[in-house]
Amino acid sequence: MSMPSADNATQVNKLARGLIYIVLILFAIYYLLPLYVMIVNSVKPLSEIREGNMLALPREFTLDPWYTAWSTAQIGVQATGLKPYFINSILMAVPAVAISTLLGALNGFVLTKWRFRGDNLVFGLMLLACFIPFQIALIPAARILGMLGLAGTTRGLVLVHVAYGLGFTTLFFRNYYAAFPTELVKAAQIDGASFFQIFRRILLPSSAPIIVVTVIWQFTNIWNDFLFGASFGDFKSQPMTVALNNLVSSSSGVKEYNVHFAGAILAALPTLFVYIVSGRYFVRGLMAGAVKG
Amino acid sequence: MSFLQIRNLEKTFGNVKVLKGIDLEVEEGGFLVLVGPSGCGKSTLLNSIAGLEAITGGSISIGGKAIDGLHPSQRDIAMVFQSYALYPNMTVAGNIGFGMEIRGVAKPERDKAIATVAEMLQIGHLLDRKPSQLSGGQRQRVAIGRALVRKPQVFLFDEPLSNLDAKLRVDMRTEIKRLHHRMGTTIVYVTHDQIEAMTLATKIAVLKDGVLQQSGTPAEIYNNPANLFVADFMGSPAMNLIPVTIKRNGSGVSISTPREEQDPLVLGVPNAPAGLSAHDGKEVIFGIRPEALTDRDGADRNAANVAESECLIEVVEPAGSDTFAVTRLGRKHVTARLRADANVAAGKKTKLAFNLDKAVFFDPASGLRIV
């Protein structure tokens, strides 16, 4: 047997590469299929869907289902569409993300640069919060919200999400700041900067990657949360996810699949938007926290 | 009069004693270098002066005013860190001016101070850059600038040159010395590099395992080391430390040490320290620096006591300015420093001159100098 020539080797290489690409493209199509079905069916009239071909492109293009889902669909008592619930979700998610991220950053700062006796124990206990299932916390959380008079309000939901997210945000920032040079903090101390000045002027400006990671993580979790929203929100503070459920699973009248599809996409848009805008920092930030510390 | 005074300073981390009762002082305008191997406590000592570490016992005062217990920013000190510790999100000007900004100095005054310092360090053209856009040497200058602009009573340097390449390190060393001459401010400087210590210091303090081994002028430390550790640590190539046996003969003392393939080396020591005769018949450590052990023509003409002996040269290392010859005495390699053009060859015998004026003796049990 002769040795395979270099020419031969490159050809085999090309063939293998082609095969890999074909497999990857098939996977990509497979993964994108649900999104395709959702989008295609959200712009069809209901009659077209009834004909049974979910995969076909729309013969008649219409944005009515989107309009209906957004502002006129019957959810709960009134025909308000998803709009007020979307606003509820924004009012809940934005402060919850901001507060939990800020507190996580402060925790990380203290746990790495202002260490005290027993700091590792405190960090361990906070980490434990990441492993507690939602369901366990439901009844105690309901009790506390009741005692604080926050039951059924958006502020109550913000409090629950902040408390629940704190474990994760602390973990992210602690690991990130563990790799942050302590000499910088010492230099700032000699320059006379106070605790909060050091935090605001030295640490925070260097924290962009981990802030992005934390914001994406927290926003996705809080926006997509159903259990807390369903348990602690009333009809004035229910988030988007609960409203979407009510829209889809309402038992009266005709099932308007096109409206359901449009509503589901509307519910997913904000997290998609956050991810697309800051996604490239996401991996970078995760790595920055992961390699050191 | 001493300006910076450290009295019986102690520091413990948990159960570990890092500093064990350090007493040290520097006069105003002095340049104190703390030197020692890694883990000797020199950086901890510096951080204690800065106030970045709380001390466990003892006291520190600057200009007669006790500073222990004060916040770092209240101690009237400035520090240059090993990693430079420049704030990555601020420009060079922002870095230099940060301390003043925190103290609430008005912007025009701040800009003037920054400009003065930048001119002194020749970094005026870099003021708008971020630290990541600077080279190592430039970052070093900015770090020094940030310290200078405070006009403190004491500068603290924590191994400032160890991240620079060899050539730049020598340049910056000269630069720091020039700055010290110009400013006349007291400096405390930590390094593990004994050459840096020798060249910069007006006073050197050698530390080991949290204990001050010796402090004094560079010449004192170099010529009169208090113990074996200091003798071995300071100087490059290191001092030759040869085990020898003491013999009293009449009023004088001689030392002898065995040699391979040669008669034992026996040298009379007319200027032996008084304490040496107590060690009659016992082994002591005979210390002689390479430059005090040369060829006959290169020997110091002013030396009063020079002894000569034929020695078998094992290795010859030409170093350009000098030639180092290695022989073996008492089972130890011994380095002699000869003129560059000295006529020596490996495997041949050469007459070496021992300048006994410069010789020192140590008790092998305690490691202390015999005087």
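The values are calculated or read from the model by the stated rules, or taken from the named source; none is laboratory data. The model shown is predicted, which means the values in this text are computed figures rather than measured ones. Here Cβ is always computed from backbone atoms with ideal geometry, including for glycine, and neighbour counts include all displayed protein chains. Only protein heavy atoms, including side chains, enter the accessible area calculation; ligands, DNA and RNA are left aside. Shrake-Rupley method; radii C 1.70, N 1.55, O 1.52, S 1.80 Å.
Some observations on this one:
- The residue that is farthest from B:Ala325 (Cα to Cα), among those in the stretch B:230-253 that are open to solvent by 10 Å² or more (accessible area, probe 1.4 Å) and of a type in the set (Val, Ile, Thr), is B:Val253.
- Residue within the stretch B:314-330 that is surrounded by fewer than 17 Cβ atoms within 10 Å (Cβ to Cβ), assigned to a loop (DSSP other than H, G, I, E, B) and of a type in the set (Val, Ile, Thr) present: no
- The set of residues in the stretch B:102-113 being part of a helix (DSSP H, G or I) and either under 18 Å from B:Arg75 (Cα atoms) or among the polar types (S, T, N, Q) (or both) consists of B:Ile102, B:Arg103.
- Filter result for A:Leu32 (surrounded by 15 or more Cβ atoms within 10 Å (Cβ to Cβ) and modelled with pLDDT of 90 or more): no
- Contacts under 7 angstrom Cβ, first residue in the stretch B:340-358 being closer than 11 Å to B:Leu312 by Cβ, partner of a type in the set (Val, Ile, Thr) and assigned to a helix (DSSP H, G or I), 6 or more apart: none
- For the stretch B:114-123, a residue qualifies if it is loosely packed, with under 15 Cβ neighbours inside 10 Å and either of a type in the set (Phe, Trp, Tyr) or part of a helix (DSSP H, G or I) (or both), and the qualifying residues are B:Ala115, B:Thr116, B:Glu119.
- Across the stretch A:180-215, the qualifying residues are those that are touching a residue at least 40 places away in the same chain (Cβ under 8 Å) and open to solvent by 40 Å² or more (accessible area, probe 1.4 Å), and the one among them that is farthest from B:Gly145 (Cα to Cα) is A:Val215.
- Count of the stretch B:331-365 residues which are open to solvent by 70 Å² or more (accessible area, probe 1.4 Å), assigned to a loop (DSSP other than H, G, I, E, B) and in contact with a strand residue (DSSP E or B) (Cβ under 9 Å, 6 or more places away or on another chain): 4
- Selected residue (only one of B:Ala143, B:Ala93 is in contact with a helix residue (DSSP H, G or I) (Cβ under 9 Å, 6 or more places away or on another chain), among the small types (Gly, Ala, Ser), more than 9 Å from chain A (Cβ to nearest Cβ) and on the phi < 0 side of the Ramachandran plot): B:Ala93
- Of the helices (runs of 4 or more DSSP H) lying entirely inside the stretch A:101-216, those containing at least 2 residues that are among the hydrophobic types (A, V, I, L, M, F, W, C) and more than 12 Å from chain B (Cβ to nearest Cβ) span A:119-128, A:134-148, A:154-178.
- B:Ile102 within 14 Å of chain A (Cβ to nearest Cβ), farther than 19 Å from B:Glu159 by Cα and among the β-branched types (Val, Ile, Thr): yes
- Residue match in the stretch B:237-258 (condition: in contact (Cβ under 8 Å) with a residue 24 or more places away in the chain, under 30 Å from B:Ala147 (Cβ atoms) and touching a strand residue (DSSP E or B) at 6+ places or on another chain (Cβ under 9 Å)): no
- Selected residue [among the hydrophobic types (A, V, I, L, M, F, W, C), open to solvent by less than 70 Å² (accessible area, probe 1.4 Å), out of contact with any Phe, Trp or Tyr (no Cβ under 8 Å at 6 or more places or on another chain) and part of a loop (DSSP other than H, G, I, E, B)] from A:Ala9, A:Ala69, A:Ala56: A:Ala56
- Within the stretch A:226-239, the residues that satisfy the criterion of being outside any helix (DSSP H, G or I) and either open to solvent by less than 10 Å² (accessible area, probe 1.4 Å) or outside the structural domain of A:Pro270 (by TED's automatic domain parsing) (or both) are A:Ser237, A:Pro239.
- Out of A:Gly152, A:Gly118, A:Gly165, one residue alone is assigned by TED's automatic domain parsing to the domain that holds A:Ile87, exposed (fewer than 14 other Cβ atoms within 10 Å of the Cβ) and either β-branched (Val, Ile, Thr) or more than 23 Å from B:Met79 (Cα to Cα) (or both). It is A:Gly118.
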